[in-house]
Amino acid sequence: MHNALEALQLLRSGNARFVTEMRAGHLLSGRERRGELAGGQNPFAIVLGCSDSRVPAEIVFDQGLGDLFVIRVAGNIVAPSQVGSVEFAAERFGTRLVVVLGHSMCGVILATLEQLENSSRDSSRNVRSIVDRVRPSVETLFTTELRRDPEALVRHAVRANIRASADHLRHGSQVLEQLIQSDGLLVVGAEYCLESGVVDFFDGVPS
């Protein structure tokens with residue numbers, strides 16, 4: 001099993017292959033690989049990402065079957081089921097890297113900002129439950145000069161939401177806290193750029 005820093009380097013290298021179109025994905029999902037995995041899995045990283053169709057983790061990190069334990073939810077929010085999924089993989093498979101993967105121009109971020117600007121905007125109870133989890137991390141941005149620059153506001157809000165989700169995983173679970181303190185678990189935040197394909201690991205990465 002790879003430790004957290006080794007796993008992080010594997011993701012960085014895979015993303016570099018994706019960006020330069022030197023992908024090895026066809027070698028990672030064939031019949032032989034399926035046979036190897038039939039009896040169990042050993043993912044080297046857990047990725048909590050957004051459900052956006054443009055950001056499939058296995059593709060942007062150029063990984064194959066059995067490499068990543070991926071949890072996808074709109075806005076890469078953290079709710080009990082997401083925390084439990086991360087706990088499950090970290091405990092059961094010994095995976096020691098967790099990545100919260102957001103992306104530029106996230107639709108859930110845009111929806112949250114729109115609701116903050118227009119509180120009467122209607123949405124279903126279920127959509128509101130997602131927006132309400134994003135709101136605390138971005139509403140304070142409206143008290144800054146960013147409110148005068150919509151593009152900058154969205155950029156900062158995307159990263160604020162990623163940081164909040166990563167922080168929730170670090171401090172909102174006794175299981176994960178214990179693994180961080182005693183067993184080398186690392187939780188990092190990253191942003192995928194829709195235009196370039198580059199993933200920037202910007203939060204919680206050891207210097």
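Conditions tested, residue by residue: (1) more than 24 Å from A166 (Cα to Cα); (2) in contact with a helix residue (DSSP H, G or I) (Cβ under 9 Å, 6 or more places away or on another chain).
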residue	(1), (2)
L10	no, no
A16	no, no
E21	yes, no
E36	yes, no
Q41	yes, yes
From the residues in region 178-202 that are assigned to a strand (DSSP E or B), touching a Phe, Trp or Tyr at 6+ places or on another chain (Cβ under 9 Å) and not charged (D, E, K, R), which one is surrounded by the most Cβ atoms within 10 Å (Cβ to Cβ)? A190
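Working only within region 111-170, note down all residues that are among the polar types (S, T, N, Q) and either surrounded by 13 or more Cβ atoms within 10 Å (Cβ to Cβ) or in a helix (DSSP H, G or I) (or both).
Going through region 111-170, the residues among the polar types (S, T, N, Q) turn out to be 112, 115, 118-120, 123-124, 126, 129, 137, 140, 143-144, 161, 165.
Scanning region 111-170 gives T112, Q115, S123, N126, S129, S137, T140, T143, N161, S165.
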Conditions (1) out of contact with any Gly (no Cβ under 7 Å at 6 or more places or on another chain); (2) surrounded by fewer than 23 Cβ atoms within 10 Å (Cβ to Cβ); (3) part of a helix (DSSP H, G or I); number of the one not met by A90: (2)
If we keep just the residues of region 34-81 that are touching a residue at least 60 places away in the same chain (Cβ under 8 Å) and in a helix (DSSP H, G or I), which is surrounded by the most Cβ atoms within 10 Å (Cβ to Cβ)? N76
Would you tally the residues in region 13-33 being modelled with pLDDT of 80 or more, surrounded by 14 or more Cβ atoms within 10 Å (Cβ to Cβ) and not polar (S, T, N, Q)? 6
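Condition first: on the phi > 0 side of the Ramachandran plot and over 15 Å from the mean Cα position of the chain (by Cα). Now tell me which residues in region 79-135 satisfy that. Spell out how you get there, then give the answer.
Initial filter on region 79-135 (on the phi > 0 side of the Ramachandran plot): 94, 105.
Result: G94, single match.
The values are calculated or read from the model by the stated rules, or taken from the named source; none is laboratory data. Since the model is a prediction, treat every value here as computed from it, not as a measurement. Here the Cβ is made from the backbone with ideal geometry for all residues, glycine too, and neighbour counts use every protein chain on show.
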